[in-house]
Amino acid sequence: MTKWIDISQPLTNDMASFPGDAPFSFELTYKKEETGSVNVGQMTASLHTGTHADAPFHYDEDGQTIDQMDLNRYIGKALVVDVSNSNPITAADLEEITGKGISRVLLHTSLPNNPKRFPDHMPALDPDIAPFLKEQGVDLLGVDIPSVDPADSKDLDTHHALYRNGINILENLMLDQVRPGIYELIAVPLAIHGADGSPVRAVLRPIPGEED
């Protein structure tokens with residue numbers, strides 16, 4: 001049986017968080033030696049810690065919250081595209097997806113996967129990718145960087161461009177060890193009522209004959 005590949009960042013107390021966000025923290029509230037039966041843990045974190053899904057409510061007051069998102073978009077065939085030689089990443093860099101008929105695209109950029117360090121600089125995604133992706137029938141874009149916009153952006157042009165074109169967003173994937181090609185993806189967000197995003201456990205499984 002073909003094995004699943006975990007492409008999500010492990011949640012650890014020393015992982016990097018978005019500047020100004022609540023860092024991830026896990027601890028045992030009660031230990032088995034205290035309760036006599038079980039260990040019970042608790043965690044705190046920004047909903048945009050590690051590998052996560054953005055909801056439109058994250059950047060639009062009238063947008064859908066994460067519990068309202070269509071789960072079908074986060075499950076199914078996905079195309080991993082290597083754009084590690086491009087910065088900024090434009091529609092011209094995504095020409096290989098033309099005619100593929102794949103609705104989920106994951107971009108492997110030049111940023112090395114390092115969950116313990118927030119990058120000083122990230123590859124830029126030009127907002128012009130959004131209408132191009134829509135033309136190709138794409139409704140989910142995943143990236144291996146913390147955000148589809150620069151960390152200091154207030155306008156969030158690429159977030160809004162993707163939103164206008166009906167494209168959901170996954171961020172902070174781990175794709176350094178993944179070959180380009182077509183895979184089966186599962187990256188389902190939690191049903192957190194009224195939330196602006198959610199951590200996800202993102203996994204890929206190769207589809208025989210589909211790898212490049």
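A short reminder: the numbers here are calculations on the coordinates, not readings from a lab. Since the structure is predicted, the reported quantities are computational estimates derived from the model, not experimental observations. Cβ placement follows ideal geometry from the backbone for every residue including glycine, while neighbour counts extend to all protein chains displayed.
Below is a table of values for the structure above.
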{"item": "Ordering of 107-118, 45-56 by burial proxy (mean other Cβ atoms within 10 Å per residue, highest first)", "result": "45-56, 107-118"}
{"item": "Beta bridges per DSSP with both ends in region 5-211, % antiparallel, nearest 5", "result": "65"}
{"item": "Size descriptor, Kirkwood hydrodynamic radius, that averages inverse alpha-carbon separations across region 114-212, Å", "result": "15.1"}
{"item": "Spacing of the two label points (7 Å from each Cα toward its C-beta) at residue 6 and residue 72, in nm", "result": "3.1"}
{"item": "Kirkwood-based shape ratio for region 5-211, expressed as Rg/Rh from alpha carbons", "result": "0.99"}
{"item": "Backbone HN-Hα couplings from phi across region 57-67 [Karplus 6.51/-1.76/1.60, Hz, Gly and Pro as x]", "result": "4, 4, 10, 9, 4, 9, x, 5, 8, 5, 6"}
{"item": "Footprinting exposure proxy for 28, 190, 106 (fewest neighbouring C-beta atoms within 10 Å first)", "result": "28, 190, 106"}
{"item": "Karplus 3J(HN,Hα) series, Hz, for region 16-33 with 6.51 cos²θ - 1.76 cosθ + 1.60 (x for Gly, Pro)", "result": "6, 10, 4, x, x, 7, 5, x, 6, 8, 10, 8, 7, 6, 9, 9, 4, 5"}
{"item": "Ordering of 8-16, 194-202, 130-138 by burial proxy (mean other Cβ atoms within 10 Å per residue, highest first)", "result": "194-202, 130-138, 8-16"}
{"item": "Over 20 Å between alpha carbons, listed pairs 3/100; 77/100; 3/77; 100/134", "result": "3/100"}
{"item": "Distance in nm between pseudo-label sites at residue 38 and residue 176 (7 Å out along the Cβ direction from Cα)", "result": "3.7"}
